[in-house]
Amino acid sequence: MGIIVPCSCGHFVSVSEEYAGKQSECGFCGSVIFVPPPCQEPMPMPFVTPPHLITPGCPECFLAITDDEASVHADFPTQGILEAFVEGFAMKMREKFNVRCGMAPQAEAPNVFVRVIRIDEGSRFLRYMLPFIGVFIGGATTFEVDGHFLKPQGMKQKFHHKLRGYWGLFGGCSKALLARAGRSAGARTAKAFQKVWR
């Protein structure tokens, strides 16, 4: 099994494990790249595919999602929103791929890398009291992600999704609006992936 390493030219290079901890060369631009050593401890898996969406007979697709650099404006934990994204992605993919969440890319399978850019709960007060103009002055919830798909051949395709939540009973619960946006963004990402993967 190979190690996938990003290069400064924007491509990902699959390198043999024998180069772990050493330098190699990018096959696209010729730059020298450092291959990280193998991780000694197993990395935590914060997200897992819901058991009812696992399809063992289908080819595997690996999903890596991170919110490390996200701009988060919420008074509640956002883990559920990211879990909703994973669920939406896996639900849309379940007929064609067995989605596995992982921290490290897999060289032999398609990989989807997702970076959460923004999670904003907006203002429930503005959504409720000023439903037609409040959403334009900070009332709407916002869930924004970008990332790319990586094929085993090293080709990648970028994507970007920004979803806003405007309506709900009594202004709508921010957490529920963001979870719905996360699920929808996951489904949109899966749909875009399926178009690229044909």
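The values are calculated or read from the model by the stated rules, or taken from the named source; none is laboratory data. None of the values given here were measured: they were computed from a predicted structure. Virtual Cβ from ideal backbone geometry, glycine too; neighbours counted across all protein chains shown.
Tabulated results
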read-out: Region 1-30, residues that are modelled with pLDDT of 80 or more and either assigned by TED's automatic domain parsing to the domain that holds F89 or part of a strand (DSSP E or B) (or both); value: Q23, S24, E25
read-out: Subset of region 85-125 (residues that are modelled with pLDDT under 70, closer than 27 Å to K175 by Cβ and of a type outside the set (F, W, Y)); value: G102, M103
read-out: Residue list for region 148-192, restricted to those being over 24 Å from K96 (Cβ atoms), at pLDDT 90 or above and assigned to a strand (DSSP E or B); value: K162
read-out: Within region 31-73, strands (runs of 3 or more DSSP E) holding 1 or more residues that are closer than 27 Å to M93 by Cα and at pLDDT 85 or above; value: 60-66
read-out: Filter result (part of a helix (DSSP H, G or I) and β-branched (V, I, T)) within region 74-90; value: I81, V86
